[in-house]
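Following: one structure in structure tokens, then a few remarks.
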Amino acid sequence: MRIYNKINNLVSRILTWLKSKIYVLDLRLQGATVPWSTVIAGRVIVSDAQLLTVFSNVSIGKQVRITTELSRVQIGENTQLSNNVSLDAMGGGISIGSNVLINTFTIITAWSGVTIGDDVLVAPFCHITDRNHGVCKNKLIRDQSGISRPIYVNDDVWIGSSCVILQGVQIGNGAVVGANSVVNKSIDNYTIVAGTPARMIGKRE
């Protein structure tokens, strides 16, 4: 029985490895820059793969969607995109550093640009968007143009579950954003914030 289990596990690992390489090959054939060291759990949906650059030892989960509308998406080495992550470069690029974890069901949308540094942890169900909608009273909201400003998330930042990071925000090195927070103003280095809107509640010592 033990031998059967070992063989079964070995076959399962080999099949998983082969599937991953098929998904990598699919992206490479579409024109993406993706090394063979990339581990992919499911087919990645990319609108224009030629604008996707992935560095070494990246892990990509299932049902990941990457939209590249004339803007580049770059994913740094040793970074992990969990299941159901969406990266939408809608006119501004998305740059994700090394050793980053983007957790499940997180959405990153860039019209001007979103930059995420190294060693950043983003918990599930977050939304990072650099665009807001016009709200002038003399015009229907649906007919108004969006307003966008770039977002910068620096190194060693932890963003808790279900947070919203809004346009023009810069999150300093080592900052922590508590769960369910809405960040509409920049955060200093090593500051801990929480709430809606997010306010300082402490400092990392």
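Restricting the search to region 40-55, which residues are within 18 Å of residue 88 (Cα to Cα), in contact with a helix residue (DSSP H, G or I) (Cβ under 9 Å, 6 or more places away or on another chain) and either of a type in the set (Phe, Trp, Tyr) or surrounded by fewer than 16 Cβ atoms within 10 Å (Cβ to Cβ) (or both)? If you could, list the steps in order and put the result at the bottom.
Residues of region 40-55 that are within 18 Å of residue 88 (Cα to Cα), as a first pass: 43-54.
Checking the rest, the ones that are also in contact with a helix residue (DSSP H, G or I) (Cβ under 9 Å, 6 or more places away or on another chain) come to 43-44, 46, 48-50, 52, 54.
43, 50 - these are the residues of region 40-55 that are within 18 Å of residue 88 (Cα to Cα), in contact with a helix residue (DSSP H, G or I) (Cβ under 9 Å, 6 or more places away or on another chain) and either of a type in the set (Phe, Trp, Tyr) or surrounded by fewer than 16 Cβ atoms within 10 Å (Cβ to Cβ) (or both).
Just to be sure, is residue 186 closer than 17 Å to residue 113 by Cα and either among the acidic types (Asp, Glu) or surrounded by fewer than 20 Cβ atoms within 10 Å (Cβ to Cβ) (or both)?
yes
Say whether the condition of being among the hydroxyl-bearing types (Ser, Thr, Tyr) and closer than 23 Å to residue 62 by Cα is met by at least one residue in region 124-136.
For region 124-136, residues among the hydroxyl-bearing types (Ser, Thr, Tyr) and closer than 23 Å to residue 62 by Cα: present.
Inspect region 20-39 for any residue being surrounded by fewer than 14 Cβ atoms within 10 Å (Cβ to Cβ) and assigned to a strand (DSSP E or B) and give the result as yes or no.
no
Checking the conditions here, which among 115, 109 is of a type in the set (Ser, Thr, Tyr) and either touching a residue at least 24 places away in the same chain (Cβ under 8 Å) or not in a strand (DSSP E or B) (or both)?
That would be 115, the only listed residue that is of a type in the set (Ser, Thr, Tyr) and either touching a residue at least 24 places away in the same chain (Cβ under 8 Å) or not in a strand (DSSP E or B) (or both).
Which pairs have Cβ atoms under 6 Å, sit 6 or more apart or on different chains, and link a residue in region 7-20 that is under 20 Å from residue 42 (Cβ atoms) to one that is β-branched (Val, Ile, Thr)?
Taking only residues 6 or more apart or on different chains, the pairs are 20/39; 20/40.
Anything in region 136-156 that is part of a loop (DSSP other than H, G, I, E, B) and more than 18 Å from the chain's Cα centre (by Cα)? List them, or say none.
136, 137, 138, 139, 140, 144, 145, listed by residue number.
Could you figure out which of (1) basic (Lys, Arg); (2) at pLDDT below 95; (3) touching a Gly at 6+ places or on another chain (Cβ under 9 Å) isn't true of residue 72?
The single condition residue 72 does not satisfy is (2).
Which one is farthest from residue 114 (Cα to Cα) among residues in region 130-149 that are in contact with a strand residue (DSSP E or B) (Cβ under 7 Å, 6 or more places away or on another chain) and touching a residue at least 24 places away in the same chain (Cβ under 8 Å)? Step through it out loud before you land on a result.
Step one: of region 130-149, the residues in contact with a strand residue (DSSP E or B) (Cβ under 7 Å, 6 or more places away or on another chain) are 130-134, 141, 144, 146-148.
The next check asks that each one be touching a residue at least 24 places away in the same chain (Cβ under 8 Å); those that pass are 130-132, 146, 148.
Details: 130: 7, 131: 10, 132: 14, 146: 16, 148: 11 Å.
Per the stated criteria, the residue is 146.
Tell me, please, whether a residue that is modelled with pLDDT under 95, assigned to a strand (DSSP E or B) and not acidic (Asp, Glu) can be found in region 76-85.
no
Taking region 53-62 as the region of interest, how many residues are over 18 Å from residue 104 (Cα atoms) and assigned to a loop (DSSP other than H, G, I, E, B)?
3
Give just the number: which of (1) in a helix (DSSP H, G or I); (2) in contact with a Lys or Arg (Cβ under 7 Å, 6 or more places away or on another chain) does residue 50 not satisfy?
(2)
Can you tell me which residue in region 68-82 is surrounded by the fewest Cβ atoms within 10 Å (Cβ to Cβ), limited to those that are closer than 17 Å to residue 115 by Cβ and within 13 Å of the chain's Cα centre (by Cα)?
Taking the candidates together, the pick is 74.
Can you work out which of the residues in region 124-135 that are part of a loop (DSSP other than H, G, I, E, B) and in contact with a Phe, Trp or Tyr (Cβ under 8 Å, 6 or more places away or on another chain) is surrounded by the most Cβ atoms within 10 Å (Cβ to Cβ)? Show your work before the answer.
First, pick out the residues of region 124-135 that are part of a loop (DSSP other than H, G, I, E, B): 124-126, 130, 134-135.
Within this subset, residues satisfying the condition of being in contact with a Phe, Trp or Tyr (Cβ under 8 Å, 6 or more places away or on another chain) are 124-125, 130.
Values: 124: 17, 125: 18, 130: 28.
Across region 124-135, the extreme among qualifying residues is 130.
Here are 154, 138: which of them is of a type in the set (S, T, N, Q) and over 19 Å from residue 74 (Cβ atoms)?
138
The values are calculated or read from the model by the stated rules, or taken from the named source; none is laboratory data. Predicted model only: the values in this text are computed from it and were never measured. A quick note on method: Cβ atoms are made from the backbone with ideal geometry, for glycine too, and the neighbour counts reach across all protein chains shown.
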